[in-house]
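Heads up: the structure comes next, in structure tokens.
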């Protein structure tokens, strides 16, 4: 099986997330090179790559975030927490404070968000 076949999930994830660049096999390795809109998207591609135990021998990747997430908003859903939103959108649950700081005009406590609130998501 080709490396593109072995890493089909990773290739599909990269395409789904809009990787601007290329994915090609050469010299016995699968090369991912390009940009995606956010760091969270880049992290999702890396997570997909790492589902294959031999990824470190098979893959060469340069996946950058273009930073195009400035000015984004997120509508809070039931069961959401700032940590959950931060992990999903920023790639790190501990980045919840960045979301809290960006929304101090409407939040007084990071543990008190309400479904339907529109939160600004920092770049």
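The values are calculated or read from the model by the stated rules, or taken from the named source; none is laboratory data. This structure is a prediction, so every number in the text was calculated from the model and none was measured. Virtual Cβ from ideal backbone geometry, glycine too; neighbours counted across all protein chains shown.
Conditions (1) farther than 17 Å from residue 122 by Cβ; (2) modelled with pLDDT of 90 or more, marked per residue:
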{"residue": "40", "(1), (2)": "no, no"}
{"residue": "45", "(1), (2)": "yes, yes"}
{"residue": "69", "(1), (2)": "no, no"}
{"residue": "89", "(1), (2)": "no, yes"}
{"residue": "96", "(1), (2)": "no, yes"}
{"residue": "99", "(1), (2)": "no, yes"}
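Looking at the structure I just gave you, is residue 47 out of contact with any strand residue (DSSP E or B) (no Cβ under 6 Å at 6 or more places or on another chain) and either within 28 Å of residue 94 (Cβ to Cβ) or surrounded by fewer than 18 Cβ atoms within 10 Å (Cβ to Cβ) (or both)?
Yes, satisfied.
Which helices (runs of 4 or more DSSP H) sit wholly inside the range 52-111 and have at least 3 residues that are surrounded by 13 or more Cβ atoms within 10 Å (Cβ to Cβ) and in contact with a helix residue (DSSP H, G or I) (Cβ under 8 Å, 6 or more places away or on another chain)?
It comes to 82-90, 96-102.
Please enumerate the residues belonging to the range 112-123 that are surrounded by 12 or more Cβ atoms within 10 Å (Cβ to Cβ) and either farther than 17 Å from residue 65 by Cβ or touching a helix residue (DSSP H, G or I) at 6+ places or on another chain (Cβ under 6 Å) (or both).
Listed by number, the residues that qualify are 113, 117, 119, 120, 121, 122.
Considering the range 1-48 alone, what residues qualify as being assigned to a helix (DSSP H, G or I), under 11 Å from the mean Cα position of the chain (by Cα) and more than 11 Å from residue 59 (Cβ to Cβ)?
13, 14, 39, 40, 41, 42, 43, 44, 47
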